[in-house]
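Read-outs throughout are calculated quantities, based only on the coordinates presented, and are distinct from any laboratory measurement. What you see is a predicted model; the values in this text were computed from it and never measured. Note: ideal-geometry Cβ built from the backbone for every residue, glycine included; neighbour counts use all protein chains shown.
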Amino acid sequence: MPLNPLKKILDVTLPPKSHSYKILIEPGSLNQLEKVLQDYITPGFGKILMITDTHVSSFLGQPLLAQLKSAGFETYLYTIPEGEGSKSLATAENIFSFALDIGLSRKDVMIALGGGVVGDLTGFCAATYFRGVPYFQIPTTLLAQVDSSVGGKVAVNFSTAKNGIGAFYQPQAVIIDTDILAHLPLKQLQAGLGEVVKYCFIENTCTGTTGFFNFLNTAANASDSPSSDNHSFSLAHLMPKFPEIVETCCQIKAQVVIQDEKEESGIRSFLNLGHTFAHAYEEITQYKAFTHGEAVVLGIAKACQLSEQLGILPHSETQKFQSLCQSLGLGITPPETLAPTLEPLQLLRLMKKDKKASGGFIRFILPIHQIGEVTIRDDIPDEVLLSIL
Ligand SMILES: NC(=O)c1ccc[n+]([C@@H]2O[C@H](COP(=O)([O-])OP(=O)(O)OC[C@H]3O[C@@H](n4cnc5c(N)ncnc54)[C@H](O)[C@@H]3O)[C@@H](O)[C@H]2O)c1
Ligand SMILES: [Zn+2]
């Protein structure tokens with residue numbers, strides 16, 4: 001079989017070295033999952049418990065189950081209802097019961113096959129079942145491929161605390177097949193693109209490299225028939241670019257995680273660009289009005305506005321961001337109909353409650369100089385915030 005020219009393998013080398021793992025990015029890799037697993041799995045392992053959601057199960061989980069079984073792997077599939085509601089202790093308990101029933105031990109492995117919900121939940125189960133079993137991430141949404149599958153943050157939601165109960169638990173490997181994104185509805189693709197745009201803004205500060213914004217901008221505008229008409233809007237022309245887009249995002253995230261695995265030294269907080277605003281938008285609308293990625297884009301737009309007001313970002317950079325968002329069909333202002341809900345004082349209250357607020361001041365990651373560079377600020381007066389909210 002000829003080498004796939006798009007195949008990429010990134011290294012996430014964490015101290016201690018035993019935590020190191022690979023991120024494999026290769027279109028079509030799932031067609032040969034059994035071979036890929038053999039490369040990454042510890043010899044002598046027994047069973048595979050693959051966890052997925054109802055939607056992904058139908059077109060991918062069932063075929064992969066058959067594929068692994070016919071390759072001689074003792075494989076079990078556990079399917080959770082799709083959606084954020086499944087990221088709960090109750091679902092985790094069901095998975096633990098199933099794992100016990102099939103006799104899963106620490107010699108066996110779990111596989112997360114799906115978006116961030118399946119990834120976070122499976123990682124949480126793997127971290128805690130028998131004090132930890134090895135697991136693999138096979139992310140199938142763009143958001144999961146560029147963000148949630150890398151970095152080892154695993155969790156379930158608890159009461160009012162999103163991701164309230166969790167751990168840092170790194171996978172054995174992350175296996176990314178970008179071809180699978182062809183199944184993704186436009187809205188989910190755009191949700192992932194929100195995080196992709198974020199990486200453009202933090203690239204230089206995190207890795208010392210530049211060029212991702214220009215690459216993405218060129219790719220976004222490469223369509224022969226750009227359209228602002230919602231009915232015909234398509235991002236199909238981006239598909240061939242996804243291996244490179246996903247690779248760059250994973251490279252940036254891996255660099256950050258290697259330096260600050262548990263968000264202690266502050267570098268990992270750069271990944272929160274736009275998120276302080278985003279979490280407030282999501283919470284005030286009870287997680288019903290925006291996908292996470294949509295809220296992140298609104299948050300980055302607010303961060304640009306704030307940077308401009310502080311005189312640390314030229315307006316021309318904000319305009320570049322706005323034009324990219326337009327090409328990708330990403331909204332940079334909330335719909336008018338939500339104006340009564342997005343009450344500035346309430347948003348400010350929620351931002352102060354966010355875990356990044358300390359001592360009454362909110363910690364912001366803000367774009368500075370040009371797209372690619374960010375800085376941390378925790379000295380923004382409430383009046384300034386209220387003026388932009
Ligand atoms: N751990 C982290 O570092 C981290 C980072 C960011 C987000 N997250 C978490 O990720 C979750 C959101 O992840 P998400 O956006 O992937 O949502 P999701 O897992 O709910 O997936 C979105 C939808 O896409 C469907 N889907 C998945 N793959 C598909 C495919 N290839 N084709 C068609 N449909 C497909 C799913 O069935 C689901 O309905 C949140 O719970 C968030 O907290 C975690
Ligand atoms: Zn995010």
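Here the convex hull built on the C-alpha positions of the stretch 129-274 has a volume of 140 cubic angstrom per residue. The Cα atoms of the chain cover 61, 48, 41 Å along the three principal axes, with the biggest extent listed first. Placing dummy labels 7 Å off each Cα toward the beta-carbon, the span from residue 7 to residue 234 is 3.1 nm. Here's how it looks for residue 88: its modeled amide H is under 5 Å from those of 157, which are all 5 or more places away or on a different chain.
From the alpha carbon centroid of the stretch 6-45 to that of the stretch 147-207 is 18 Å. Spin-label pair residue 41-residue 107: with each label point 7 Å from Cα along the Cα-Cβ axis, the two points sit 1.3 nm from one another.
Dividing the summed -39500 (n - 2.57) terms of all DSSP H runs of n ≥ 4 by the residue count of the chain sets its mean residue ellipticity at 222 nm at -12000 deg cm²/dmol. Each residue of the stretch 38-55 is assigned a 3J(HN,Hα), and the resulting list reads 4, 5, 10, 8, 5, x, x, 6, x, 9, 10, 10, 9, 10, 8, 10, 4, 6 Hz, derived from the Karplus form 6.51 cos²θ - 1.76 cosθ + 1.60 (θ = phi - 60°), x at Gly and Pro.
Within straight-line reach of residue 69, meaning a Cα separation under 18 Å, sit the following aspartates and glutamates at least 8 residues removed in sequence or on another chain: 34, 39, 108. Taking the chain as a Gaussian network of alpha-carbon nodes connected by springs under 10 Å, the highest mean-square fluctuation of the residues 171, 134, 43 belongs to 43. Beyond 22 Å, the tail of the calculated P(r) for the stretch 300-389 holds 32 percent of the Cα pairs. Taken over the stretch 16-145, the convex hull of the Cα atoms encloses 113 Å³ per residue.
Taking a straight line from the alpha carbon of residue 320, these lysines sit under 30 Å away, with near neighbours fewer than eight places off in the same chain left out: 8, 187, 198, 241, 253, 288, 302, 352, 356. Residues whose amide H comes within less than 5 Å of that of residue 41, counting only those at least five positions distant or on another chain, are absent (H built at 1.01 Å from N in the peptide plane). For the chain, the relative contact order works out to 14 percent when only alpha carbon pairs closer than 8 Å and six or more residues apart are counted.
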